[in-house]
Amino acid sequence: MVTGGGARRPYTRFAVRALVVASRFPWPPVTGDRLRTTLWLEALAGDDVTLVSPPGTAPAGVPRFTHLPARRSPGQLVGAVARVLARGLPATALLAAGRDWSGALAGAGAPFDVAVVVLARTDPWVFPHLCARRTVLDAIDSLAANLGERARHARGVASRLWRLESARTAHLEADAARRYDRVVVVAGSEAGVFGKLVSVVPIGVELRPASEGEREFDVGFTGRLAYFANRDAAGWLLDEIWPRVRAGAPKATLLLAGADAPAFLRRRHGRDGVTVISPVADPAALLRRVRVALLPLRFGTGQSLKALEAAEASCALVATPAGVRGLPALLPHALSAGDAERLAAAVVGLLGDEPRRAALGAAARAAVGRAYPRRATLAGLAAIAGGGD
(Lines give C-alpha, C1' and ligand atoms only; values in the text may rest on other atoms or scores of the structure.)
Protein backbone atom coordinates (compact mmCIF):
# COMPACT_ATOMS: atom_id res chain seq x y z
CA MET A 1 0.00 0.00 0.00
CA VAL A 2 1.37 3.41 -1.00
CA THR A 3 0.96 6.01 1.73
CA GLY A 4 2.15 9.51 2.52
CA GLY A 5 2.82 12.06 -0.14
CA GLY A 6 4.87 14.86 1.40
CA ALA A 7 7.26 16.80 -0.79
CA ARG A 8 10.77 15.52 -1.44
CA ARG A 9 13.60 16.99 0.60
CA PRO A 10 17.10 17.01 -0.89
CA TYR A 11 18.91 14.66 1.50
CA THR A 12 19.87 11.97 -1.03
CA ARG A 13 22.15 12.95 -3.90
CA PHE A 14 20.87 10.26 -6.26
CA ALA A 15 17.94 7.87 -6.48
CA VAL A 16 18.01 4.95 -4.05
CA ARG A 17 15.66 1.98 -3.88
CA ALA A 18 15.45 1.48 -0.16
CA LEU A 19 13.83 -1.00 2.22
CA VAL A 20 13.24 -0.09 5.88
CA VAL A 21 12.26 -2.87 8.28
CA ALA A 22 10.97 -1.97 11.74
CA SER A 23 9.54 -4.16 14.50
CA ARG A 24 6.97 -1.47 15.41
CA PHE A 25 4.82 0.78 13.25
CA PRO A 26 6.49 4.18 13.56
CA TRP A 27 3.50 6.39 14.36
CA PRO A 28 2.95 7.84 16.84
CA PRO A 29 6.73 8.21 17.42
CA VAL A 30 6.58 7.84 21.20
CA THR A 31 9.67 5.62 21.47
CA GLY A 32 13.20 6.06 20.17
CA ASP A 33 12.97 3.28 17.60
CA ARG A 34 9.66 4.57 16.24
CA LEU A 35 11.09 8.06 15.91
CA ARG A 36 14.23 6.70 14.26
CA THR A 37 12.13 4.88 11.66
CA THR A 38 10.31 8.11 10.78
CA LEU A 39 13.70 9.79 10.33
CA TRP A 40 14.83 7.11 7.88
CA LEU A 41 11.65 7.63 5.87
CA GLU A 42 12.17 11.40 5.88
CA ALA A 43 15.86 11.10 4.99
CA LEU A 44 14.94 8.95 1.97
CA ALA A 45 11.97 11.08 0.93
CA GLY A 46 11.54 11.14 -2.82
CA ASP A 47 13.31 7.83 -3.35
CA ASP A 48 11.63 4.47 -3.96
CA VAL A 49 11.08 3.54 -0.31
CA THR A 50 9.31 0.49 1.12
CA LEU A 51 8.52 0.10 4.81
CA VAL A 52 7.92 -3.37 6.20
CA SER A 53 6.50 -3.17 9.71
CA PRO A 54 3.41 -4.14 11.70
CA PRO A 55 0.17 -2.64 10.36
CA GLY A 56 -0.77 0.96 11.05
CA THR A 57 -2.01 4.19 9.53
CA ALA A 58 0.45 6.97 8.75
CA PRO A 59 -0.56 10.58 9.48
CA ALA A 60 -1.10 13.08 6.71
CA GLY A 61 1.89 14.91 5.30
CA VAL A 62 4.58 12.28 5.81
CA PRO A 63 6.92 11.41 2.91
CA ARG A 64 5.57 9.00 0.32
CA PHE A 65 6.45 5.32 0.82
CA THR A 66 5.06 1.87 0.17
CA HIS A 67 3.93 0.07 3.31
CA LEU A 68 3.86 -3.71 3.41
CA PRO A 69 2.43 -4.85 6.77
CA ALA A 70 3.90 -7.86 8.54
CA ARG A 71 0.81 -9.36 10.10
CA ARG A 72 0.58 -11.47 13.22
CA SER A 73 1.14 -15.19 12.74
CA PRO A 74 0.60 -17.58 15.68
CA GLY A 75 2.52 -20.26 13.83
CA GLN A 76 5.50 -17.94 13.40
CA LEU A 77 5.42 -17.12 17.12
CA VAL A 78 5.54 -20.80 18.11
CA GLY A 79 8.52 -21.29 15.82
CA ALA A 80 10.19 -18.18 17.19
CA VAL A 81 9.89 -19.39 20.79
CA ALA A 82 11.46 -22.69 19.80
CA ARG A 83 14.27 -20.85 18.01
CA VAL A 84 14.96 -18.62 21.01
CA LEU A 85 15.24 -21.66 23.27
CA ALA A 86 17.36 -23.67 20.83
CA ARG A 87 19.81 -20.90 19.89
CA GLY A 88 20.03 -19.06 23.18
CA LEU A 89 18.61 -15.85 21.75
CA PRO A 90 17.50 -13.15 24.19
CA ALA A 91 13.86 -13.22 25.26
CA THR A 92 13.53 -9.58 24.16
CA ALA A 93 13.93 -10.76 20.56
CA LEU A 94 10.42 -12.19 20.90
CA LEU A 95 9.09 -8.62 20.96
CA ALA A 96 9.75 -8.57 17.20
CA ALA A 97 8.63 -12.15 16.54
CA GLY A 98 5.28 -13.71 15.76
CA ARG A 99 4.76 -11.93 12.44
CA ASP A 100 4.89 -13.05 8.84
CA TRP A 101 8.13 -11.22 8.08
CA SER A 102 9.10 -13.60 5.28
CA GLY A 103 5.80 -13.11 3.48
CA ALA A 104 5.90 -9.32 3.80
CA LEU A 105 9.50 -9.15 2.58
CA ALA A 106 8.75 -11.47 -0.32
CA GLY A 107 6.05 -9.03 -1.37
CA ALA A 108 8.55 -6.17 -1.38
CA GLY A 109 10.30 -7.49 -4.47
CA ALA A 110 14.02 -7.46 -5.08
CA PRO A 111 16.69 -6.37 -5.14
CA PHE A 112 16.97 -3.15 -3.15
CA ASP A 113 19.96 -0.86 -3.20
CA VAL A 114 19.92 -0.78 0.59
CA ALA A 115 17.97 -2.49 3.37
CA VAL A 116 17.82 -0.84 6.79
CA VAL A 117 16.82 -2.94 9.80
CA VAL A 118 15.87 -0.98 12.92
CA LEU A 119 16.96 -2.63 16.23
CA ALA A 120 19.01 -5.77 16.69
CA ARG A 121 15.99 -7.64 18.08
CA THR A 122 14.41 -7.46 14.62
CA ASP A 123 17.42 -9.10 12.97
CA PRO A 124 16.84 -12.82 13.71
CA TRP A 125 13.47 -12.80 11.99
CA VAL A 126 14.27 -10.73 8.90
CA PHE A 127 17.94 -10.95 7.91
CA PRO A 128 17.66 -14.28 6.03
CA HIS A 129 14.90 -12.76 3.88
CA LEU A 130 16.63 -9.50 2.91
CA CYS A 131 17.60 -9.04 -0.72
CA ALA A 132 19.70 -5.90 -1.03
CA ARG A 133 23.08 -4.81 -2.31
CA ARG A 134 23.89 -3.23 1.06
CA THR A 135 22.51 -3.92 4.50
CA VAL A 136 22.42 -1.49 7.43
CA LEU A 137 21.55 -2.28 11.04
CA ASP A 138 20.38 0.80 12.93
CA ALA A 139 20.93 -0.57 16.42
CA ILE A 140 20.28 2.90 17.92
CA ASP A 141 22.06 1.83 21.11
CA SER A 142 23.17 -1.29 22.96
CA LEU A 143 20.30 -3.03 24.69
CA ALA A 144 22.84 -5.38 26.27
CA ALA A 145 24.38 -2.48 28.18
CA ASN A 146 20.93 -1.31 29.26
CA LEU A 147 20.03 -4.76 30.55
CA GLY A 148 23.36 -4.94 32.34
CA GLU A 149 22.40 -1.81 34.27
CA ARG A 150 19.13 -3.43 35.29
CA ALA A 151 21.04 -6.49 36.50
CA ARG A 152 23.34 -4.37 38.66
CA HIS A 153 20.38 -2.65 40.33
CA ALA A 154 18.32 -5.83 40.80
CA ARG A 155 18.68 -8.42 43.54
CA GLY A 156 18.69 -12.21 43.76
CA VAL A 157 17.01 -14.19 41.00
CA ALA A 158 16.02 -11.04 39.09
CA SER A 159 19.63 -9.94 38.91
CA ARG A 160 20.76 -13.31 37.57
CA LEU A 161 18.01 -13.34 34.95
CA TRP A 162 18.88 -9.84 33.76
CA ARG A 163 22.58 -10.78 33.55
CA LEU A 164 21.69 -13.79 31.41
CA GLU A 165 19.48 -11.68 29.16
CA SER A 166 22.23 -9.05 28.87
CA ALA A 167 24.80 -11.66 27.86
CA ARG A 168 22.50 -13.19 25.26
CA THR A 169 21.66 -9.74 23.88
CA ALA A 170 25.37 -8.86 23.65
CA HIS A 171 25.95 -12.03 21.63
CA LEU A 172 23.07 -11.15 19.28
CA GLU A 173 24.34 -7.58 18.82
CA ALA A 174 27.89 -8.75 18.08
CA ASP A 175 26.71 -11.45 15.68
CA ALA A 176 24.43 -9.03 13.83
CA ALA A 177 27.19 -6.42 13.57
CA ARG A 178 29.41 -8.92 11.74
CA ARG A 179 26.74 -9.65 9.13
CA TYR A 180 25.69 -6.13 8.14
CA ASP A 181 27.66 -3.82 5.89
CA ARG A 182 27.14 -0.92 8.29
CA VAL A 183 25.89 -0.44 11.84
CA VAL A 184 24.44 2.89 13.01
CA VAL A 185 24.18 4.13 16.61
CA VAL A 186 23.11 7.44 18.11
CA ALA A 187 26.10 8.09 20.41
CA GLY A 188 29.82 7.52 20.17
CA SER A 189 29.82 5.72 23.51
CA GLU A 190 27.90 2.88 21.86
CA ALA A 191 30.22 2.40 18.89
CA GLY A 192 32.69 0.03 20.54
CA VAL A 193 29.98 -2.53 21.24
CA PHE A 194 29.38 -3.18 17.55
CA GLY A 195 32.87 -3.24 16.03
CA LYS A 196 34.62 -1.07 13.47
CA LEU A 197 32.01 -0.53 10.73
CA VAL A 198 29.93 1.82 12.87
CA SER A 199 28.51 5.24 12.00
CA VAL A 200 27.35 7.62 14.71
CA VAL A 201 24.21 9.57 13.76
CA PRO A 202 22.43 11.32 16.65
CA ILE A 203 18.66 11.48 16.89
CA GLY A 204 18.88 15.24 16.53
CA VAL A 205 16.26 17.88 17.15
CA GLU A 206 14.37 20.32 14.96
CA LEU A 207 14.21 23.79 16.45
CA ARG A 208 10.70 25.16 16.51
CA PRO A 209 10.00 28.84 17.23
CA ALA A 210 10.95 29.77 20.76
CA SER A 211 8.09 30.46 23.17
CA GLU A 212 7.69 33.72 25.02
CA GLY A 213 4.54 32.56 26.83
CA GLU A 214 4.09 31.90 30.52
CA ARG A 215 5.44 28.63 31.87
CA GLU A 216 2.81 27.53 34.37
CA PHE A 217 4.53 24.28 35.39
CA ASP A 218 7.56 24.74 37.60
CA VAL A 219 8.98 21.26 36.97
CA GLY A 220 8.35 18.67 34.28
CA PHE A 221 9.21 15.07 33.46
CA THR A 222 8.15 13.63 30.11
CA GLY A 223 8.49 10.38 28.17
CA ARG A 224 6.71 7.09 27.58
CA LEU A 225 5.84 6.62 31.22
CA ALA A 226 5.31 2.85 31.14
CA TYR A 227 8.88 2.23 29.93
CA PHE A 228 10.84 0.73 32.82
CA ALA A 229 13.51 3.47 33.00
CA ASN A 230 10.90 6.25 32.93
CA ARG A 231 8.67 4.41 35.38
CA ASP A 232 11.59 4.03 37.77
CA ALA A 233 12.55 7.70 37.39
CA ALA A 234 9.00 8.92 37.94
CA GLY A 235 8.63 6.77 41.04
CA TRP A 236 11.92 8.02 42.49
CA LEU A 237 10.93 11.60 41.67
CA LEU A 238 7.59 11.33 43.46
CA ASP A 239 8.82 9.33 46.45
CA GLU A 240 12.11 11.03 47.27
CA ILE A 241 12.81 14.12 45.17
CA TRP A 242 9.46 15.90 44.99
CA PRO A 243 8.85 15.99 48.77
CA ARG A 244 12.23 17.73 49.14
CA VAL A 245 11.36 20.20 46.38
CA ARG A 246 8.03 21.02 48.04
CA ALA A 247 9.77 21.47 51.38
CA GLY A 248 11.90 24.21 49.81
CA ALA A 249 9.24 25.57 47.45
CA PRO A 250 5.81 24.69 48.93
CA LYS A 251 3.81 26.00 45.99
CA ALA A 252 5.88 24.27 43.29
CA THR A 253 4.01 22.42 40.56
CA LEU A 254 5.04 19.25 38.75
CA LEU A 255 4.00 17.98 35.31
CA LEU A 256 4.29 14.27 34.50
CA ALA A 257 3.44 13.77 30.84
CA GLY A 258 3.72 11.14 28.16
CA ALA A 259 2.18 8.01 26.73
CA ASP A 260 0.93 5.05 28.76
CA ALA A 261 1.02 6.51 32.27
CA PRO A 262 0.79 3.66 34.84
CA ALA A 263 -2.00 3.69 37.38
CA PHE A 264 0.27 4.67 40.27
CA LEU A 265 1.17 7.88 38.42
CA ARG A 266 -2.41 8.67 37.43
CA ARG A 267 -3.42 8.42 41.09
CA ARG A 268 -1.08 11.29 41.92
CA HIS A 269 -2.88 13.71 39.60
CA GLY A 270 -4.22 16.69 41.51
CA ARG A 271 -2.23 15.95 44.68
CA ASP A 272 0.82 17.82 46.01
CA GLY A 273 0.97 20.10 42.99
CA VAL A 274 1.18 17.19 40.54
CA THR A 275 -0.49 17.19 37.11
CA VAL A 276 -0.49 14.03 34.98
CA ILE A 277 -1.22 14.25 31.25
CA SER A 278 -1.34 11.02 29.25
CA PRO A 279 -1.29 10.73 26.30
CA VAL A 280 0.30 13.91 24.95
CA ALA A 281 -0.60 15.26 21.51
CA ASP A 282 2.27 17.74 21.15
CA PRO A 283 5.21 17.20 23.54
CA ALA A 284 7.17 20.18 22.19
CA ALA A 285 4.28 22.56 22.88
CA LEU A 286 3.73 21.10 26.34
CA LEU A 287 7.41 21.45 27.28
CA ARG A 288 7.21 25.14 26.44
CA ARG A 289 4.96 25.42 29.50
CA VAL A 290 7.66 23.99 31.82
CA ARG A 291 10.35 26.01 33.61
CA VAL A 292 12.70 23.22 34.76
CA ALA A 293 12.96 19.76 33.20
CA LEU A 294 13.90 17.28 35.91
CA LEU A 295 15.34 14.05 34.50
CA PRO A 296 16.20 11.67 37.37
CA LEU A 297 16.95 8.63 35.22
CA ARG A 298 18.96 5.78 36.73
CA PHE A 299 18.99 3.57 33.62
CA GLY A 300 19.68 4.29 29.98
CA THR A 301 22.01 3.92 27.03
CA GLY A 302 22.40 5.80 23.79
CA GLN A 303 21.19 9.38 23.67
CA SER A 304 18.64 11.00 25.97
CA LEU A 305 15.80 12.07 23.70
CA LYS A 306 13.90 13.70 26.56
CA ALA A 307 16.90 15.94 27.32
CA LEU A 308 17.06 17.00 23.66
CA GLU A 309 13.34 17.79 23.62
CA ALA A 310 13.46 19.74 26.89
CA ALA A 311 16.49 21.74 25.75
CA GLU A 312 14.80 22.58 22.45
CA ALA A 313 11.91 24.01 24.48
CA SER A 314 14.33 26.21 26.50
CA CYS A 315 13.70 24.37 29.76
CA ALA A 316 16.48 24.56 32.32
CA LEU A 317 17.83 21.03 32.84
CA VAL A 318 18.42 19.25 36.15
CA ALA A 319 19.40 15.63 35.61
CA THR A 320 21.31 12.59 36.69
CA PRO A 321 24.22 11.64 34.40
CA ALA A 322 21.94 9.09 32.71
CA GLY A 323 19.41 11.84 32.07
CA VAL A 324 21.81 13.69 29.75
CA ARG A 325 23.70 10.66 28.41
CA GLY A 326 25.13 10.80 24.91
CA LEU A 327 24.89 14.60 24.73
CA PRO A 328 28.34 16.04 25.56
CA ALA A 329 27.52 19.43 24.03
CA LEU A 330 24.63 19.80 26.47
CA LEU A 331 26.51 18.91 29.65
CA PRO A 332 27.93 22.42 30.35
CA HIS A 333 24.38 23.82 30.32
CA ALA A 334 22.72 21.28 32.65
CA LEU A 335 22.86 20.87 36.43
CA SER A 336 23.79 17.28 37.20
CA ALA A 337 23.56 15.27 40.42
CA GLY A 338 23.16 11.64 41.39
CA ASP A 339 21.12 11.76 44.58
CA ALA A 340 17.67 13.00 45.54
CA GLU A 341 18.85 15.70 47.94
CA ARG A 342 21.12 17.45 45.45
CA LEU A 343 18.65 17.12 42.58
CA ALA A 344 15.95 18.73 44.70
CA ALA A 345 18.28 21.48 45.86
CA ALA A 346 19.21 22.30 42.25
CA VAL A 347 15.53 22.55 41.29
CA VAL A 348 14.65 24.75 44.26
CA GLY A 349 17.60 27.01 43.51
CA LEU A 350 16.47 27.54 39.91
CA LEU A 351 12.86 28.15 40.90
CA GLY A 352 14.09 30.98 43.10
CA ASP A 353 16.38 32.49 40.45
CA GLU A 354 14.41 33.13 37.26
CA PRO A 355 17.21 34.98 35.40
CA ARG A 356 19.57 32.02 35.90
CA ARG A 357 16.85 29.52 34.97
CA ALA A 358 16.06 31.40 31.78
CA ALA A 359 19.76 31.74 30.89
CA LEU A 360 20.36 28.00 31.32
CA GLY A 361 17.32 27.21 29.20
CA ALA A 362 18.43 29.56 26.43
CA ALA A 363 21.97 28.15 26.49
CA ALA A 364 20.67 24.58 26.33
CA ARG A 365 18.49 25.42 23.34
CA ALA A 366 21.38 27.07 21.53
CA ALA A 367 23.66 24.11 22.28
CA VAL A 368 21.34 21.45 20.85
CA GLY A 369 20.62 23.66 17.84
CA ARG A 370 24.34 23.82 17.07
CA ALA A 371 25.40 20.29 17.96
CA TYR A 372 22.36 18.13 17.18
CA PRO A 373 20.36 19.71 14.33
CA ARG A 374 17.80 17.38 12.79
CA ARG A 375 18.90 18.34 9.27
CA ALA A 376 22.36 16.88 10.01
CA THR A 377 20.73 13.65 11.21
CA LEU A 378 18.73 13.33 8.00
CA ALA A 379 21.75 14.09 5.85
CA GLY A 380 23.79 11.49 7.75
CA LEU A 381 21.17 8.77 7.33
CA ALA A 382 20.80 9.58 3.63
CA ALA A 383 24.55 9.38 3.13
CA ILE A 384 24.67 5.93 4.75
CA ALA A 385 21.79 4.75 2.56
CA GLY A 386 23.72 5.96 -0.46
CA GLY A 387 26.82 4.01 0.50
CA GLY A 388 28.78 6.70 2.34
CA ASP A 389 29.85 6.97 5.96
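The values are calculated or read from the model by the stated rules, or taken from the named source; none is laboratory data. All values derive from a computational prediction rather than experimental measurement. A quick note on method: Cβ atoms are made from the backbone with ideal geometry, for glycine too, and the neighbour counts reach across all protein chains shown. Quick note on the areas: whole protein, heavy atoms, side chains included, nothing else; ligands and nucleic acids left out. Shrake-Rupley method; radii C 1.70, N 1.55, O 1.52, S 1.80 Å.
Calculated mean residue ellipticity, 222 nm, the chain: -11500 deg cm²/dmol, from DSSP H runs (n ≥ 4) at -39500 (n - 2.57) each, averaged per residue and rounded to 500. Once both labels are positioned 7 Å from their Cα atoms along Cα-to-Cβ, the gap between residue 339 and residue 214 label points is 3.8 nm.
Return the percentage of antiparallel bridges among DSSP beta bridges fully within the chain, rounded to the nearest 5 %.
Of those bridges, close to 5 percent are antiparallel.
Close amide-amide hydrogen proximity is noted between residue 139 and 119, 184, each under 5 Å apart and 5 or more residues distant or on a separate chain (H modeled in the peptide plane; Pro and chain starts excluded). Put simply, the C-alpha atoms of region 34-177 give a gyration tensor, and the ellipsoid matching it has half-axes of 29, 17, 14 Å, longest first.
Each residue, residue 85 and residue 72, gets one label point 7 Å from its Cα in the Cβ direction; the gap between the two is 2.2 nm. Of the residues 78, 368, 290, the one that moves most in a GNM of the chain with alpha-carbon contacts below 10 Å is 78.
Under the combined filter of DSSP loop state and at most 15 neighbouring Cβ atoms within 10 Å, region 138-225 retains these trypsin sites (Lys or Arg not before Pro): 155, 196.
Diagonalise the Cα gyration tensor of the chain and give the resulting equivalent ellipsoid semi-axes, square root of 5 times each eigenvalue, largest first, whole Å.
Details: eigenvalues 263, 118, 70 Å².
Those come to 36, 24, 19 Å.
For region 208-270, what % of the accessible area comes from carbon and sulfur atoms, probe 1.4 Å? Carbon and sulfur together cover 49 percent of it. With a 1.4 Å probe and all protein chains kept in place, how much accessible area does residue 239 have, in Å² rounded to the nearest 10? About 110 Å², rounded to the nearest 10.
Please work out the average accessible area per residue across the chain, using the 1.4 Å probe convention, and give it in Å². Let's see the in-between values first.
Details: 16280 Å² over 389 residues.
Here the per-residue accessible area is 42 Å².
Summing +1 for each Lys or Arg and -1 for each Asp or Glu among the other residues whose beta-carbon sits under 10 angstrom from that of residue 278 gives +1. For the chain, modelled as a GNM whose springs connect Cα atoms under 10 angstrom apart, the maximal fluctuation among 68, 197, 256 occurs at 197. Local charge sum around residue 70 (other residues, Cβ-Cβ under 11 Å, Lys/Arg +1, Asp/Glu -1)? After counting each charged neighbour, the total is +3.
Over region 193-312, all Cα pairs binned in 5 Å intervals from 0 give whole-percent P(r) values of 2, 10, 20, 23, 19, 12, 7, 3, 2, 1, 0, listed from short to long. The modelled label-to-label distance between residue 260 and residue 163, using points 7 Å beyond Cα along the C-beta direction, is 2.8 nm. Sorting 228, 217 on solvent-accessible area from highest to lowest, probe radius 1.4 Å, gives 228, 217. Both the radius of gyration and Dmax for region 66-139 are 12.4, 35 Å, in that order, over alpha-carbon atoms.
A Förster radius of 35 Å combined with the Cβ-Cβ distance from residue 375 to residue 232 puts the calculated FRET efficiency at roughly 0.55.
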